[in-house]
1. So how far apart, in nm, are the two label points at residue 632 and residue 140 if each is 7 Å from Cα heading toward Cβ?
2. Any chance you could give the angle, 0 to 90 degrees and rounded to 10, that helix 173-184 forms with the longest Cα principal axis of the chain?
3. Does segment 109-214 come out rounded, prolate or oblate, given a ≥ b ≥ c as the square roots of the eigenvalues of its C-alpha gyration tensor, rounded meaning a/c under 1.5 and, failing that, prolate meaning a/b above b/c?
4. What does the extension gain come out to for residue 684 and residue 258, with contour length at 0.36 nm per residue minus their alpha carbon separation?
5. Compute the length gained on full extension between residue 166 and residue 352: take 0.36 nm times their separation in residues and subtract their Cα-Cα distance, giving the result in nm to one decimal.
6. Between [x] 0.92; [y] 1.31; [z] 1.21, which matches Cα Rg over 2.2 N^0.38 Å calculated for the structure shown?
7. Can you figure out the FRET efficiency of residue 674 with residue 640, using R₀ = 25 Å and their beta-carbon distance, to the nearest 0.05?
8. DSSP beta bridges in the chain, what fraction antiparallel, as a percent rounded to 5?
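Bear in mind these aren't lab numbers, they're just calculated from the coordinates by the rules spelled out. Computed from a predicted structure; not experimentally measured. Here the Cβ is made from the backbone with ideal geometry for all residues, glycine too, and neighbour counts use every protein chain on show.
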């Protein structure tokens, strides 16, 4: 079972070396029974609103319960961000180690980088007989650059060869300039060049080849990091490998010393892969490693093929509320096929809009709106990070990414993996996360817009599009014993060229009573005295013809009823509207099917709400008996029975994935009493809630 949590702060998980570092950390953390929690974003030096939102994820471990922190300091290209994180570490006093960097308050973990370069240089001297060897290292004063250069100089001194050291940038500019100077004769061509990074070695070989200098026949070249790119160069480049995995394991070992935890695992050592760039021939090993990597790339490419056809961005952008959004996430969960679990967590103030929205940090209370098999939203403290981490479990690997829309902080996305090799923060993963944030932002805008329109309509009692009365306005003006007439036009008249004229005709026909109302689609209504009913339709059709629309009376669908001032007139209008749908056959069936499907999604994802037949039927505008008949017709199960199923599904999820008490779970599932919940649970599941929890946790 998990004994603790190690947080890893790393600005990017993109290439194989990033995964190698995390793999080393997770392997070592797993050996002592600790969870590995990765907090990562997009690595960039540019500071804009998007990266500001991305970088907020580094605030999360300081708001949560973690036992120790590993800072991948050597990965941060943005020094301002790194220093900000270091200040939080010092302030929090959480045990911490930094990779390849040390401060007064944070212990550093370093590899013996000089020894590797010493061994490579020694190999060039003793095995190949090179004496004129140049070393291209990183920036002067940089810790890694100096240590690696020391290894070269130690070998040169030991074997009595001249020292030729050039400081560069660990990147492409320095090797490009060096290769050009050697090709032009500005710098005398050495027998071999020891590069202290793979990027420099690969660039050097490429520019040499472009200028007619052969590697290793004219100049031998070596690298350092062990990246896959060294095997794609012709010839493959001799380099060190395994350093990042060692660093990962060593960082856990150092952290356990601060935590007082025994660590007995072997941290491994750095190896050297001798390839063609130094004059060695190791074709079979090069081919096997490259083939294995290619197979991984092909499998990944095939696995991501569904992204092309899923239309996931449009689907996530077409939701008006959280239950529907959670249902869409569930339907698109398969796109993140490599992970075991996906969790979407929102701050409790995520709905706020400009300028009040959150720009940094996280709320004390979070809401889990989506996790596989999770019915309904689940509130929890941010200190817990995820509800499932608070129950007994085997050590796990979780990745936490910021959920934000530009600089608007909404929450975070957490994904669980079996191994570090399965996760990459590439365009597919970040695209999925951005689509989630974009969809949630649209949910905010839609819900706020609907709220404003609703309030305006309630205030004005008129339809804002047509100027006709709304249901509420009509109910206020209705006169008892008058006749209520609803008129439905054929569907083709929904086009704007017809719609404006129809509204004008309705207004002209209603010049006396002023009770005309608009009910949406192509349905209009009016209340008139019974004696005025004769000739009303004829007058209406004449008004339409004067406006250029020729409609016969038998093309219109009419429903009439007498007004009873004691009844709920708004409800009566809804019921009369539904009669039009039923008369229209399949069109009505499709309308009800969509309404009931949306209602069912809301039930499934919020079963804890105060659901009952009367409340649900009101949402559809049907009588309770008619509602129950249609519900069973569509879903093959009664409303009340399915409500029990949804509530027990939520209960089982909470029993398995949280440490909540049975009393609290009963409340979270909509039960008035724990006794009722426990009785119903035992009747349906053939075991008590407590026994169910024990069995599932021990699985």
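1. It is 8.8 nm.
2. 50
3. oblate
4. 148.4 nm
5. Details: separation 186, 0.36 × 186 = 66.96 nm, distance 5.47 nm.
Extra length available between residue 166 and residue 352 comes to 61.5 nm.
6. [y]
7. Details: r = 20 Å, r/R0 = 0.81.
Here the calculated transfer efficiency is 0.80.
8. 55
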